[in-house]
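The values are calculated or read from the model by the stated rules, or taken from the named source; none is laboratory data. Computed from a predicted structure; not experimentally measured. All Cβ positions, even for glycine, are placed from backbone atoms using ideal geometry, and neighbour counts span all protein chains on display. For the accessible areas, the whole protein counts, side chains as well, though only heavy atoms, and no ligand, DNA or RNA atoms are used. Shrake-Rupley method; radii C 1.70, N 1.55, O 1.52, S 1.80 Å.
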Amino acid sequence: MEEGRAERRRRTEAPSHTQGGTRRTGVMTDVHRRFLQLLMTHGVLEEWDVRRLQKHCYRVHDRTAAVEELEDFINNINSVLESLYIEIKKGATEDDGRPVYALVNLATTSVSKMASDFAENELDLFRKALELIIDSETGFASSTNILNLVDQLKGKKMRKKEAEQVLQKFVQNKWLIEKEGEFTLHSRAILEMEQYIRETYPDAVKICNICHSLLIQGQSCETCGIRMHLPCVAKYFQSNSEPRCPHCNDYWPHEIPEIFDPEKEREASTSKANRKSLRSRQH
């Protein structure tokens, strides 16, 4: 019994980088390992789901332990993954600022990372779609424009019908998002491919004036041309009745989007679950 418990709690330690003369050591338990395995299968998860996943791993492997703060929990994993050039990275969705986490490969570009899941001509289709998205003013590429490039693909010939199916495969694998016949990058792709995009498309890449991260979708100043993510716009102008550009001070002409509120989201989820439970009891 004791041996089984000790085995379940065995630890893997790996030294991390030094900061201020103090060496941080990563500590991986079975809880951390299970969490990492499940995150790998999902690719990317919103923060609310990440917290649920963490609690699930504790319930499975160590019910008696106190649930570690999420930031510390992920830092522990990252300090062990550091030597493998892998990191659990936190980001946000570009449309409404929902916090997300993804397992990011720091050693290779995401296009090459995708090689195990996609054929050469499928990867080339993704590159074509990516280039159209990066070059567009809106951060979207229409399915028509993408499919028109099928004849230029490397490798095996691909019909347009096949290409449509491949695009849906990219959506299912959380590399692309489709909205009304147009495609943009999923937050997973942005997190994993930011460095690749900056290096590959230096003249076309767009950067947010507020957070200085890669920008695919956002708003721009009609006077000076600076760009901002929608969540950054919402936060910057949160209590400003007359929004002005942070760069040139000219009037900001766009509608100010709403800020994502995690508390409201939790309340809505709880209310929905309660209504579902009530209906099931009534039946």
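Here are some notes:
- Within the option set Arg63, Arg127, being more than 19 Å from Glu192 (Cα to Cα) and either open to solvent by 60 Å² or more (accessible area, probe 1.4 Å) or charged (D, E, K, R) (or both) holds for one residue only, Arg63.
Residue-wise test of (1) open to solvent by 80 Å² or more (accessible area, probe 1.4 Å); (2) modelled with pLDDT of 80 or more; (3) touching a Phe, Trp or Tyr at 6+ places or on another chain (Cβ under 6 Å); (4) under 25 Å from Gln217 (Cβ atoms).
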| site | (1), (2), (3), (4) |
| --- | --- |
| Gly21 | no, no, no, no |
| Gly26 | no, no, no, no |
| Phe73 | no, yes, no, no |
| Leu103 | no, yes, no, yes |
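- Which numbered condition Leu215 misses (of (1) open to solvent by 50 Å² or more (accessible area, probe 1.4 Å); (2) of a type outside the set (Gly, Ala, Ser); (3) under 28 Å from the mean Cα position of the chain (by Cα)): (1)
- Extreme residue, modelled with the lowest pLDDT, among residues of the stretch 109-136 that are outside any helix (DSSP H, G or I) and of a type outside the set (Ser, Thr, Tyr): Asp117
- Looking at Cys221, Cys208, just one residue is surrounded by 15 or more Cβ atoms within 10 Å (Cβ to Cβ), within 20 Å of the chain's Cα centre (by Cα) and closer than 22 Å to His254 by Cβ, and that residue is Cys208.
- Test: Lys154 is more than 18 Å from the chain's Cα centre (by Cα) and open to solvent by 20 Å² or more (accessible area, probe 1.4 Å): yes
- Pairing residues of the stretch 141-160 that are within 16 Å of Leu123 (Cβ to Cβ) with residues that are open to solvent by 80 Å² or more (accessible area, probe 1.4 Å), at Cβ distances under 6 Å and at least 6 apart in sequence or on separate chains, gives Val150/Lys160; Lys154/Glu120; Gly155/Glu120.
- Of all residues in the stretch 170-229, those satisfying the criterion of being in contact with a strand residue (DSSP E or B) (Cβ under 6 Å, 6 or more places away or on another chain), more than 23 Å from Ile88 (Cβ to Cβ) and among the hydroxyl-bearing types (Ser, Thr, Tyr) are Thr184, Ser220.
- Residue check, Met193 over 20 Å from Tyr101 (Cβ atoms) and open to solvent by less than 20 Å² (accessible area, probe 1.4 Å): no
- Residues being open to solvent by less than 50 Å² (accessible area, probe 1.4 Å) and at pLDDT 90 or above - total across the stretch 39-60: 9
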